[in-house]
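The values are calculated or read from the model by the stated rules, or taken from the named source; none is laboratory data. What you see is a predicted model; the values in this text were computed from it and never measured. All Cβ positions, even for glycine, are placed from backbone atoms using ideal geometry, and neighbour counts span all protein chains on display. SASA here: full protein model, heavy atoms, side chains in, ligands and nucleic acids out. Shrake-Rupley method; radii C 1.70, N 1.55, O 1.52, S 1.80 Å.
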Amino acid sequence: MKHLRMRTVTTSETRTFEKAVAQAASMQMKGQPAIEGPVELKLVFMLSGRNDVWPVGQGDGDLDNLEKSVSDALNGITYSDDRMIVSKQSWKVCIDGPDGIWISVSPARNDAIIEALDVVGSHAS
């Protein structure tokens, strides 16, 4: 069996997006050091459109790809490395206004571990 090599290709559009997110995060951090330990990440991707409709159109972007771009952009700025993200919530919503992203990064709560284990425990057979 041949070994397959995977190569990730980041488009110039994605690099531009990540750079803009990184610059905004740097300005928001105002020289504060990145969080070194486990972190929680919350994201709201606000896409212009009717706010009574879910953003699931062809041009809205995949939620997981949007998350990845933001988490990569915040490396070394709000947290030391995106592998430190232990809890994440994200949403895509339509708004009556321009596109935007709301981002919250905080040290992970100790009770997040209990919450995760409760979820697993309630689904174990």
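Answer yes if at least one residue in region 80-91 is in a loop (DSSP other than H, G, I, E, B), open to solvent by less than 100 Å² (accessible area, probe 1.4 Å) and either of a type in the set (Gly, Ala, Ser) or within 29 Å of residue 13 (Cβ to Cβ) (or both), and no otherwise. Scanning region 80-91, I find at least one residue that is in a loop (DSSP other than H, G, I, E, B), open to solvent by less than 100 Å² (accessible area, probe 1.4 Å) and either of a type in the set (Gly, Ala, Ser) or within 29 Å of residue 13 (Cβ to Cβ) (or both), so the answer is yes.
Matching residues to (1) touching a strand residue (DSSP E or B) at 6+ places or on another chain (Cβ under 8 Å); (2) of a type outside the set (A, V, I, L, M, F, W, C):
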| position | (1), (2) |
| --- | --- |
| 25 | yes, no |
| 28 | no, yes |
| 37 | yes, yes |
| 45 | yes, no |
| 48 | yes, yes |
| 55 | yes, yes |
| 58 | no, yes |
| 65 | no, yes |
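For region 15-37, filtering for residues that are part of a helix (DSSP H, G or I) and in contact (Cβ under 8 Å) with a residue 60 or more places away in the chain leaves 2. Can you say whether residue 21 is among the hydrophobic types (A, V, I, L, M, F, W, C), farther than 21 Å from residue 92 by Cβ and modelled with pLDDT of 95 or more, as far as the supplied structure shows? No. Taking (1) touching a helix residue (DSSP H, G or I) at 6+ places or on another chain (Cβ under 8 Å); (2) in contact (Cβ under 8 Å) with a residue 12 or more places away in the chain in turn, residue 60 satisfies each apart from (1). I'd like to check something: does region 99-109 contain any residue that is farther than 21 Å from residue 24 by Cα and open to solvent by 50 Å² or more (accessible area, probe 1.4 Å)? Yes, there is a match, as at least one residue in region 99-109 is farther than 21 Å from residue 24 by Cα and open to solvent by 50 Å² or more (accessible area, probe 1.4 Å).
Look at residue 112 and say whether it is open to solvent by less than 90 Å² (accessible area, probe 1.4 Å), in contact with an Asp or Glu (Cβ under 8 Å, 6 or more places away or on another chain) and farther than 25 Å from residue 8 by Cα. Don't jump to the end; show me each part of the working.
Working: open to solvent by less than 90 Å² (accessible area, probe 1.4 Å): yes; in contact with an Asp or Glu (Cβ under 8 Å, 6 or more places away or on another chain): yes; farther than 25 Å from residue 8 by Cα: yes.
So residue 112 fits the description; yes.
Return the residues of region 33-79 that are among the acidic types (Asp, Glu), under 22 Å from residue 95 (Cα atoms) and open to solvent by less than 50 Å² (accessible area, probe 1.4 Å); say none if nothing qualifies. Of everything in region 33-79, those that are among the acidic types (Asp, Glu), under 22 Å from residue 95 (Cα atoms) and open to solvent by less than 50 Å² (accessible area, probe 1.4 Å) turn out to be 60, 67.
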